[in-house]
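Peer 1: This is the structure I want to talk about, given as structure tokens.
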Amino acid sequence: MPSTNILSNLFVTLYNSESRRKRSCIVLPTSKLAIEVLKTLQKYEYVGEFEHIDDKRGGKFKIELLAKINKCGAISPRFKVKSGEYYKWEHVYLPAYYKGILVVTTNHGVMSHHDASNKRIGGFLIGYAY
């Protein structure tokens, strides 16, 4: 099996399906990190309900789309961010202040940069959506 970047694949499939105005999409393969990223996107209403299907071959997600994503993507390499530096990265990846989210992985789990900033914790940038 070729090595794939699961997060990059997730964001690309979401973006392509949204731009084609589809109501749902299927993403494969899956990972625990991808589940947490989807929960974060769901919390901010970028995606609707999603279902994890274990097919014994890496699994797949069936994701309901809400037509809310204009652009999204994985951030590679995963940049390390301190708690006070989120504004700098917002400027790089997001179109305007408080428009969209940066997805951050921290010691306290995967969350948006808004939550991480409020909790004053740093982490690694793994993706963005707006």
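Just so you know, all these numbers are worked out from the coordinates, no wet-lab data involved. No experiment lies behind these values; they were computed from the predicted model shown. Cβ: placed from backbone, ideal geometry, glycine included. Neighbour counts: every protein chain shown.
Peer 1: What are the equivalent ellipsoid semi-axes of the range 6-65, built from the alpha-carbon gyration tensor (square roots of five times its eigenvalues), in whole angstrom, biggest first?
Peer 2: 17, 13, 10
Peer 1: Then there is this: From zero outward in steps of 5 Å, how is the percent of C-alpha pairs of the range 1-126 spread across the bins?
Peer 2: 2, 11, 21, 24, 20, 13, 7, 2, 0
Peer 1: Taking 8 Å as the Cα distance limit and 6 or more residues as the minimum spacing, I'd like the relative contact order of the chain as a percentage.
Peer 2: Result for the chain is 25 percent.
Peer 1: Using a cut-off of 16 Å between alpha-carbon atoms, which aspartates and glutamates can reach Lys99, once sequence neighbours fewer than 8 places away in the same chain are excluded?
Peer 2: Glu45, Glu90, Asp115
Peer 1: Roughly how big is the chain's charge dipole about its Cα centre, with Cβ charges of +1 (Lys, Arg) and -1 (Asp, Glu), in debye to the nearest 20?
Peer 2: Charge dipole, the chain, about its Cα centre: 160 debye, nearest 20.
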